[in-house]
Amino acid sequence: MTVTESPRKHLRVQPYRTVWRQHRRGVLAVILAFIVLLAIAAASQYTWNHAFWGAGGQSDRLASIANLINILVRQGSLLLPVLLGMLLGAGLISRARDTGRHVLAFTQDSTRWQWYLAHLLVVHMPVAAAAAVYAPLVQRFDAPAPMPWQGRFSLEHFLATPLIAGLSMLAALQVGALIALLLRNPLAAMPVTLVVLLAAGSFITLQLRPHYATPEVTIMAVEEGVLGGYGAAYATNEARLPWMLERVHVTADGRTVDHTGEHCPWPSRPWDYPEMQPGDTQETFDARVEEIERQQAQQFDEDALVVAQCLRDRGADHFEERFHPDSRFWLFQATEAALLLLITGLALAVARWRIGRID
């Protein structure tokens, strides 16, 4: 019994060992790159903190350089699924087809599907697992602290959870590998993958994600919208902000009222402050500034009322805030995770159909 099972076990394991020997350097290089990027992000954060605070705020140039490097690393990390989907997902399969290595693999005792599945289990899944660890860690090294106006729904937070970071990487790798199987010209697989992944990511971000749930709506008077008031969306003690989709004036039947261009120009707050004159005491200077600010605020309120009347003349009935509260964060995470799993599953299904038809 043992003698007959051993060769079968060898045939099952062989393609995975072969693929690992061929691509282990690439996998380890990606993991090493993640570690280096984390070190750069940590060093830039430390440098910024030391230059801006420890040096009494005098090393402005060093702080600016450290902040720029930090932003490039953290924001650039959001594009890693696209980059690795192109290089590892499409690159490995297209290179195998271009060199004819796939023909050799297809003539072995293991099946074609085992050869393809080995890339998923030995290359794609370890890289996706590393991305799931890397993404939340690199976003912790922020210098200075970010100002996410969309709360946890901002890209640097939403895409950096282990769940979404890992699944988005896995989906990108599978889409890239599938494109490499579908195209007759293997060399075209990588640029096509780049375009497809960028387009898909933009579509999900701009068109799908805002509609994972019906937005909540806060209704206020036309004047409140002009004066910049915030309603129930921000009337909370939670530290996390909502995802504000729109703040618009609308008509009674729900149409958006345009106030751009020559129609109802928005009032602006002047920020011109006087300079202290010779002979001024601090008290007289503060009093003059306070009076100027009072006059500017009064002028702004008067201009805002004029704009509000202009909007009413154009049909505005009220002002609306459309937003997703922070309490929906994990609902959106689960919805996007299901979408990414669906994309990965579809890519695998089409790949299994296609791999049997490759010469």
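The values are calculated or read from the model by the stated rules, or taken from the named source; none is laboratory data. Bear in mind the structure is a predicted one, so any value in this text is a computation, not a measurement. Glycine gets a Cβ as well: all are built from the backbone with ideal geometry, and neighbour counts include every protein chain shown.
Here are some notes:
- No other residue among ALA199, ALA180 is at pLDDT below 95 and of a type in the set (Gly, Ala, Ser) apart from ALA180.
- Unique residue being at pLDDT 85 or above, surrounded by 13 or more Cβ atoms within 10 Å (Cβ to Cβ) and not basic (Lys, Arg) when the list is LEU62, LEU83, LEU68: LEU83
- Between THR335, THR284, the distinction of being touching a Phe, Trp or Tyr at 6+ places or on another chain (Cβ under 7 Å) and among the hydroxyl-bearing types (Ser, Thr, Tyr) belongs to THR335 only.
- Within the stretch 110-229, helices (runs of 4 or more DSSP H) holding 1 or more residues that are within 23 Å of ILE343 (Cα to Cα) and of a type in the set (Asp, Glu): 155-158
- Residue check, ALA316 of a type outside the set (D, E, K, R) and not in a helix (DSSP H, G or I): yes
- GLY231 meets all of the listed conditions (1) within 15 Å of VAL306 (Cα to Cα); (2) surrounded by 13 or more Cβ atoms within 10 Å (Cβ to Cβ); (3) modelled with pLDDT under 80; (4) not aliphatic (A, V, I, L, M) but one, namely (1).
- Output for the stretch 319-359, where each listed residue is part of a helix (DSSP H, G or I) and among the acidic types (Asp, Glu): ASP326, GLU336
- Tabulated pairs, the stretch 74-89, first closer than 11 Å to GLN174 by Cα, second of a type in the set (S, T, N, Q), C-beta under 7 angstrom, 6+ apart or interchain: PRO81/SER168; GLY85/THR193; MET86/THR193; GLY89/GLN174; GLY89/THR193
- The set of residues from the stretch 189-214 being among the aliphatic types (A, V, I, L, M) and more than 18 Å from ALA347 (Cα to Cα) comprises LEU206, LEU208, ALA213.
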